[in-house]
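The values are calculated or read from the model by the stated rules, or taken from the named source; none is laboratory data. Just so it is clear, the structure is predicted and the values come from calculations on it, not from any experiment. All Cβ positions, even for glycine, are placed from backbone atoms using ideal geometry, and neighbour counts span all protein chains on display.
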There are 2 protein chains.
Amino acid sequence: MTSNRRLKSYNMKEIKIGLLGCGQVGGGLIQLLKRQADFIRQRTGITLTIDRILVRDISKPRGVPGGLLTTNPDEVIYNLETDIIVELLGGLEPARRLILKSLSAGKHIITANKAVLAVHGEEIMRTAQENKRQVYYEASVCAGVPIIRSIKEGLLANRISSIQGILNGTTNYILTKMADDENKSFADALREAKESGFAEPDPTLDIEGIDTAHKLAVLSSLAFGIPSVFKSIYIEGITEITQEDIKNARDFGFLIKLVAIAKKLPDNWIELRVHPSMLPEKHPLTSVRNEFNAVLIHGDAVGEIMFYGKGAGPITTASALLSDIIELSTKISTHQLKMENLYWGKRRILPIEKTNVEYYIRFPIIDKPGVIGKITTILGKYNVSISGANAILVPGKKSQGYLPGSVYVITERTAEKRIRQALAQISKLPVMRDKPFMIRIEREY
Amino acid sequence: MTSNRRLKSYNMKEIKIGLLGCGQVGGGLIQLLKRQADFIRQRTGITLTIDRILVRDISKPRGVPGGLLTTNPDEVIYNLETDIIVELLGGLEPARRLILKSLSAGKHIITANKAVLAVHGEEIMRTAQENKRQVYYEASVCAGVPIIRSIKEGLLANRISSIQGILNGTTNYILTKMADDENKSFADALREAKESGFAEPDPTLDIEGIDTAHKLAVLSSLAFGIPSVFKSIYIEGITEITQEDIKNARDFGFLIKLVAIAKKLPDNWIELRVHPSMLPEKHPLTSVRNEFNAVLIHGDAVGEIMFYGKGAGPITTASALLSDIIELSTKISTHQLKMENLYWGKRRILPIEKTNVEYYIRFPIIDKPGVIGKITTILGKYNVSISGANAILVPGKKSQGYLPGSVYVITERTAEKRIRQALAQISKLPVMRDKPFMIRIEREY
């Protein structure tokens with residue numbers, strides 16, 4: 001099925017690759033390719049060579065012959081020698097434009113760019129199909145952990161009913177450090193993550209949950225056979241998690257993690273949400289610590305299955321890119337390219353208001369007599385039942401003559417709409433010193 | 001590369017399958033194929049049909065037309081309609097013979113049979129290559145967890161340096177129950193496992209570690225590119241583990257698991273061993289409970305990576321078989337078959353005496369004054385250093401006028417040869433009421 005527009009013979013089993021972008025991951029790929037070249041030739045018979053690299057600064061040393069570098073993307077895209085282009089620019093533009101151009105020029109694409117797949121995935125996949133070219137993206141989720149390949153092939157006999165993932169190393173590192181040391185605030189843990197290289201100088205995409213949502217869009221598209229639904233994903237970050245919440249979680253038997261959730265419900269409804277979740281201690285994702293990622297999948301045949309590993313780092317990401325390069329190269333050299341039926345699933349994204357779980361709610365109050373009664377009365381009015389509660393004074397200045405405190409509540413399963421309505425009304429109570437904060441509880445896996 | 005010996009066209013994308021054997025897993029496969037037939041057709045364009053089934057008892061109802069059943073293997077193997085034969089007989093013979101015959105008859109093989117792969121893997125793989133046929137075996141290790149595919153493709157860019165696995169559900173279930181309830185003996189836990197369906201009526205292969213070793217042979221052959229080395233694997237089962245050991249493990253900060261270990265050492269030495277191991281509490285495998293399996297792999301690019309899921313069960317095993325069937329069918333229907341370079345690695349199997357780890361040793365003694373001194377003197381003579389120790393009286397009758405007791409020791413890293421020599425000498429002390437029992441400690445991952 002390979003195109004016959006070109007005359008080049010594939011028998012040589014030498015595959016040449018172009019790189020769009022050459023930052024940390026690109027550097028890792030060049031390094032790994034050098035290190036494993038003999039090993040790969042020995043196992044697969046394929047010789048891999050990098051033939052052209054798009055860079056911003058041509059003078060920076062990169063351990064490759066200077067003649068390979070160019071600042072003109074067209075020299076990479078229209079290079080007649082290459083079959084595969086690895087896109088490592090990150091972000092939406094010019095990545096999207098150059099990927100589309102490469103596909104139209106007859107190149108296969110390998111990318112680690114979850115953002116462009118999450119937002120422009122459908123356009124990219126359709127362009128690939130029109131041009132009979134492949135898009136591989138193992139490196140876009142959980143770096144070297146072969147999660148994409150496993151869903152695509154290993155679980156092909158399964159209808160996947162749910163995905164729960166810890167998909168971002170930065171936030172998991174921060175939450176682990178906060179859980180391990182009760183004197184560590186979110187700000188402290190973020191600072192530590194930056195110092196240890198587990199958070200970027202601008203960590204917004206990570207701590208606000210956007211990066212996790214990008215990856216959830218990629219995974220759910222693949223698992224449910226639907227176009228990427230990034231825009232429909234409900235997203236909350238971890239910036240409002242306090243030591244109070246971490247401690248309360250522990251007291252109630254939970255651990256707080258930033259979890260990406262994609263769940264199939266009856267009538268083709270799909271839940272898609274990224275937010276801090278309280279997980280019961282026996283939940284398999286609670287053992288995922290520090291910068292590690294994990295994806296827990298439920299398939300109707302395989303049952304519960306989990307993939308675990310480091311989710312970032314130049315060499316582990318390069319491991320995924322290289323596995324894609326080798327697989328694609330093998331297929332090219334043996335004329336094995338096959339187009340897939342991309343979108344076979346139905347989708348109706350459940351609005352977040354219809355989520356139905358248990359909730360932990362922290363109510364920052366002033367400790368005026370009757371405050372608990374006021375809160376519980378309003379919860380009762382909206383049919384929110386309470387299964388556990390706790391209240392404490394917290395350090396701080398008196399307000400209206402009363403000490404500051406917090407009331408913590410665990411609710412029974414409730415439609416989120418009712419929680420939201422109740423919290424909106426409780427927010428207006430004069431005994432509140434700040435707005436209530438809520439964390440969803442995920443008991444099922 | 002498909003053979004041109006036969007005239008049948010593959011364009012129809014209907015793939016017919018023969019089954020050798022139809023017990024629980026075969027039943028699961030028939031059921032799963034029925035349930036997912038439309039789903040698979042929708043996603044891959046392939047129609048899968050079972051065309052002939054070898055059974056022992058033709059009269060037993062199996063939810064398939066009676067005309068498909070036969071007691072003559074040749075009717076399955078030489079059926080001109082089928083491309084793929086799924087071997088579900090288990091055990092060594094006649095499985096080996098029928099697999100070889102099928103390959104020679106031009107059929108591809110899919111199998112869940114770890115025993116035959118562990119013992120006759122090299123013969124089977126070479127016969128497959130001679131006949132330009134494929135052998136797929138995703139179901140042979142960890143059932144539905146796509147571990148074979150992940151090593152084969154997802155981690156192809158990696159030199160794998162170690163594998164640590166909990167590969168047997170029965171033994172993990174027993175050890176979990178013993179760890180959860182300190183009144184539960186090995187015999188109690190085994191009985192419970194049988195009652196819950198997690199142990200077979202004759203559990204010997206499981207509790208003696210043989211099944212785990214079969215799977216380790218399959219994994220290590222694939223990961224290290226060497227012929228199966230089942231005969232060189234050092235194997236100990238879990239039958240001698242007592243509540244005393246479980247409690248001591250906990251006191252010293254460990255959990256006992258039956259772990260399969262394959263590790264590359266310098267100079268092409270490979271460690272291959274299956275035995276109860278004490279794992280530090282933070283070791284990722286300690287979170288693997290009950291009947292679940294997991295494989296922890298270290299690759300030079302990807303770092304630490306773990307796969308987790310149920311290791312047995314008819315439907316989860318069928319999930320793996322079906323993923324193999326689909327992949328092989330796709331390749332057949334698009335003429336994508338490619339022979340691999342099977343054995344590219346070097347191997348020198350390290351004798352168990354050269355293992356170098358820390359050890360936990362239980363010394364069953366009679367509580368005669370000076371007993372600890374006698375034991376430690378002999379350990380010292382063999383240069384075995386002690387990092388932790390404990391001693392207790394245990395319930396039982398007096399012997400030689402003294403109460404029975406136990407001495408527990410944790411050693412520093414020591415060559416196993418020295419431990420063995422010391423224990424042999426200590427065994428002869430008149431203060432010993434039984435032979436010493438030793439568990440290796442695995443700190444690294």
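Which members of the range B:35-61 meet the condition of being more than 12 Å from chain A (Cβ to nearest Cβ) and either surrounded by 15 or more Cβ atoms within 10 Å (Cβ to Cβ) or closer than 23 Å to A:Ser161 by Cα (or both)? Walk me through how you get there before you give the answer.
Looking only at the range B:35-61, we keep the residues that are more than 12 Å from chain A (Cβ to nearest Cβ), and these are B:47, B:49-61.
Scanning the range B:35-61 gives B:Thr47, B:Ile50, B:Asp51, B:Arg52, B:Ile53, B:Leu54, B:Val55.
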*Just give me the residues in the range B:278-329 being among the β-branched types (Val, Ile, Thr), farther than 28 Å from B:Thr47 by Cβ and surrounded by 24 or more Cβ atoms within 10 Å (Cβ to Cβ), in sequence order.*
B:Val288, B:Val295, B:Ile297, B:Val302, B:Ile305
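Is one or more of the residues making up the range A:127-143 under 30 Å from B:Thr47 (Cα atoms), under 14 Å from the mean Cα position of the chain (by Cα), within 14 Å of chain B (Cβ to nearest Cβ) and assigned to a loop (DSSP other than H, G, I, E, B)? Even if it seems obvious, please write down each step before you answer.
Narrowing the range A:127-143 to residues under 30 Å from B:Thr47 (Cα atoms): A:127-138.
Checking the rest, the ones that are also under 14 Å from the mean Cα position of the chain (by Cα) come to A:137-138.
Filter once more, keeping what is within 14 Å of chain B (Cβ to nearest Cβ): A:137-138.
Checking the rest, the ones that are also assigned to a loop (DSSP other than H, G, I, E, B) come to A:137.
The answer is yes; a qualifying residue exists.
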*Could you tell me which residue of the range A:174-197 is nearest to A:Ile270 (Cα to Cα), considering only residues that are within 20 Å of the chain's Cα centre (by Cα) and surrounded by 23 or more Cβ atoms within 10 Å (Cβ to Cβ)?*
A:Leu175
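Quick check on A:Gly345: is it in a loop (DSSP other than H, G, I, E, B) and within 14 Å of chain B (Cβ to nearest Cβ)?
On the way: in a loop (DSSP other than H, G, I, E, B): yes; within 14 Å of chain B (Cβ to nearest Cβ): yes.
Taking the combined requirement at face value, the residue satisfies it.
Give the residue, chosen from A:Asn383, A:Asn293, that is farther than 20 Å from A:Gly237 by Cα and of a type outside the set (Phe, Trp, Tyr).
Details: A:Asn293 fails: farther than 20 Å from A:Gly237 by Cα.
Being farther than 20 Å from A:Gly237 by Cα and of a type outside the set (Phe, Trp, Tyr) holds for just one of A:Asn383, A:Asn293, which is A:Asn383.
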_Segments classed as helices (runs of 4 or more DSSP H), wholly inside the range A:199-289, with at least 3 members that are β-branched (Val, Ile, Thr) and more than 30 Å from A:Pro395 (Cβ to Cβ)_ = A:210-224
*Please go through the range A:416-445 and pick out each residue that is part of a loop (DSSP other than H, G, I, E, B), surrounded by fewer than 18 Cβ atoms within 10 Å (Cβ to Cβ) and of a type in the set (D, E, K, R).*
A:Lys428, A:Asp434, A:Lys435, A:Arg443, A:Glu444
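Could you grab me the full set of residues in the range B:144-154 that are in contact (Cβ under 8 Å) with a residue 40 or more places away in the chain and either at the interface with chain A (Cβ under 7 Å from one of its Cβ atoms) or out of contact with any strand residue (DSSP E or B) (no Cβ under 9 Å at 6 or more places or on another chain) (or both)?
Step one: list which residues in the range B:144-154 are in contact (Cβ under 8 Å) with a residue 40 or more places away in the chain, which gives B:144-152.
Of everything in the range B:144-154, those that are in contact (Cβ under 8 Å) with a residue 40 or more places away in the chain and either at the interface with chain A (Cβ under 7 Å from one of its Cβ atoms) or out of contact with any strand residue (DSSP E or B) (no Cβ under 9 Å at 6 or more places or on another chain) (or both) turn out to be B:Gly144, B:Val145, B:Pro146, B:Arg149, B:Ser150, B:Lys152.
Yes/no per residue for (1) assigned by TED's automatic domain parsing to the domain that holds A:Asn248; (2) of a type in the set (D, E, K, R); (3) within 30 Å of the chain's Cα centre (by Cα):
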residue: A:Ile366; (1), (2), (3): no, no, no
residue: A:Gly373; (1), (2), (3): no, no, no
residue: A:Tyr402; (1), (2), (3): no, no, no
residue: A:Ser406; (1), (2), (3): no, no, no
residue: A:Ile410; (1), (2), (3): no, no, yes
residue: A:Arg413; (1), (2), (3): no, yes, yes
residue: A:Ile419; (1), (2), (3): no, no, yes
residue: A:Pro430; (1), (2), (3): no, no, no
_Filter result for B:Leu98 (under 21 Å from A:Tyr308 (Cβ atoms), touching a residue at least 40 places away in the same chain (Cβ under 8 Å) and away from every other protein chain (no Cβ under 14 Å))_ = no
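If a residue has to be at positive phi and either more than 9 Å from chain A (Cβ to nearest Cβ) or modelled with pLDDT of 95 or more (or both) to count, how many in the range B:282-308 make the cut?
Looking only at the range B:282-308, we keep the residues that are at positive phi, and these are B:290, B:303.
Adding the requirement that they be either more than 9 Å from chain A (Cβ to nearest Cβ) or modelled with pLDDT of 95 or more (or both) leaves B:290.
Total meeting the criteria: 1.
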*How many of the residues making up the range B:38-60 are among the small types (Gly, Ala, Ser) and within 26 Å of B:Gly90 (Cβ to Cβ)?*
1
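Going residue by residue through the range A:400-415, is there one that turns out to be surrounded by fewer than 16 Cβ atoms within 10 Å (Cβ to Cβ), modelled with pLDDT of 95 or more and not small (Gly, Ala, Ser)? Explain how you work it out, then say what you get.
Initial filter on the range A:400-415 (surrounded by fewer than 16 Cβ atoms within 10 Å (Cβ to Cβ)): A:400-401, A:403, A:412-413.
Add one more test, that the residue is modelled with pLDDT of 95 or more, and what stays is A:412-413.
Restricting the remaining residues to those that are not small (Gly, Ala, Ser) gives A:412-413.
Yes, the range A:400-415 has at least one match.
Kindly provide the set of residues from the range B:164-188 that are small (Gly, Ala, Ser), part of a helix (DSSP H, G or I) and closer than 17 Å to B:Ala312 by Cβ, ordered by number.
We begin by selecting, within the range B:164-188, every residue small (Gly, Ala, Ser); these are B:165, B:169, B:179, B:185, B:187.
Filter once more, so that each one left must be part of a helix (DSSP H, G or I): B:169, B:179, B:187.
Correct list: B:Gly169 only.
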*Which residues, taken from the range A:309-319, are in a helix (DSSP H, G or I) and facing chain B (nearest Cβ under 8 Å)?*
A:Ile315, A:Thr316, A:Ala318, A:Ser319
*asked:* Looking for something in contact (Cβ under 8 Å) with a residue 60 or more places away in the chain and either outside the structural domain of A:Val295 (by TED's automatic domain parsing) or under 27 Å from A:Lys177 (Cβ atoms) (or both) - is there at least one such residue anywhere in the range A:221-230?
replied: no
*asked:* farther than 17 Å from B:Val25 by Cα, within 13 Å of chain A (Cβ to nearest Cβ) and of a type in the set (S, T, N, Q): is that true of B:Asn172 in this structure?
replied: no
